[in-house]
Structure formats: structure tokens, C-alpha cells
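The structure under discussion appears below in the form of C-alpha cells.
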Amino acid sequence: MRDKKDTNTLDLFTATPQPKKRKYVRKTEPRAMVRRTDPDTSRAAANTIDATALEQRVYEVICSFPNGCISDDIVRLIPEHGVQTVSPRYAKLIRKGFVVDTGERRQGAAGRGQRVMRRAD
């Protein structure tokens, strides 16, 4: 009598490794990007930005640096956005649990220390 093959067991020689699941950043509402005291122009600007897509892009770039990266590294890979657009995404990504500030500082192109951001494990 032949034993049935156990379908719950992986065959180490024929099994293909499964790719890591891609994490998606949760939606950021425009009202979360402005303070009550901000002028109406800031509110209008917040409504024109797709903050979630920008956070996702920044997160993906941070993930591409296993030892963490600084703002200069991110801006180099997303040249269409300046540091003033990229760096505000850190706070949201930290709050959402996607990235961490390592506490380390690296010197940027301007000679100042920049915090090192890394994907949260």
C-alpha cells in the first residue's frame, strides 16, 4: 500500500521560495496634513497632494537600503521631489509603524547630520 503524500509538508528540493509580501501604506487624509491654525492656502495645497502615494514611494526607497538611509539618498532616487517634500513623510511612516529612526546620524551633502531611517522589522 502506497502512502499518500503529505500536502502540508514542503519539499525542500522542488518548492519555490515565496516572495515577501509587499506592504502598502494606509491612506493619509488631507486634513491630517494641516493644523487648525494653517491658512486656507495650506488646506487647498493638502487637497492637491496624494500623500499616500508619496508615502508609499518614500517607504519603498527606504526599504531598498538595508542599513538605512538619509534624506539625501531618498531625494537622489526620487529627484522629482525635494527634501522639503520627502522629509515630512517620515513622521507619518513612523506613526504608522512602517519605518524607524535608528538614532544614528550621517553627514549629508550640506555637511549637516541627517537622521537615518530604516524599514521597521
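The values are calculated or read from the model by the stated rules, or taken from the named source; none is laboratory data. Just so you know, these numbers come straight off a predicted model, no measurement behind them. Quick reminder, even Gly has a Cβ in these numbers, built from the backbone with ideal geometry, and neighbours come from all protein chains shown.
Pairs are defined by a Cβ separation below 9 Å, a sequence spacing of at least 6 or placement on different chains, a first member in the range 28-42 that is at negative phi and of a type outside the set (S, T, Y), and a second member that is surrounded by fewer than 10 Cβ atoms within 10 Å (Cβ to Cβ) and modelled with pLDDT of 65 or more; the pairs so defined are P30/T48. When each of T37, T41 is tested for being surrounded by fewer than 11 Cβ atoms within 10 Å (Cβ to Cβ), modelled with pLDDT of 65 or more and assigned to a helix (DSSP H, G or I), the lone residue that passes is T41.
Across the range 60-78, the number of residues qualifying as in a helix (DSSP H, G or I), surrounded by fewer than 19 Cβ atoms within 10 Å (Cβ to Cβ) and touching a strand residue (DSSP E or B) at 6+ places or on another chain (Cβ under 6 Å) comes to 1.
Would you check which residues across the range 79-99 are assigned to a loop (DSSP other than H, G, I, E, B), surrounded by fewer than 16 Cβ atoms within 10 Å (Cβ to Cβ) and without any contact (Cβ under 8 Å) to a residue 24 or more places away in the chain and list them? Passing the criteria: P79, E80, G82, G97. When V86 is tested against (1) modelled with pLDDT of 65 or more; (2) over 14 Å from the mean Cα position of the chain (by Cα); (3) among the β-branched types (V, I, T), just one condition goes unmet, and that condition is (2).
Among the residues in the range 52-59, are any in contact (Cβ under 8 Å) with a residue 24 or more places away in the chain, crowded, with 18+ Cβ neighbours inside 10 Å, among the hydroxyl-bearing types (S, T, Y) and touching a Phe, Trp or Tyr at 6+ places or on another chain (Cβ under 8 Å)? Scanning the range 52-59, I find at least one residue that is in contact (Cβ under 8 Å) with a residue 24 or more places away in the chain, crowded, with 18+ Cβ neighbours inside 10 Å, among the hydroxyl-bearing types (S, T, Y) and touching a Phe, Trp or Tyr at 6+ places or on another chain (Cβ under 8 Å), so the answer is yes.
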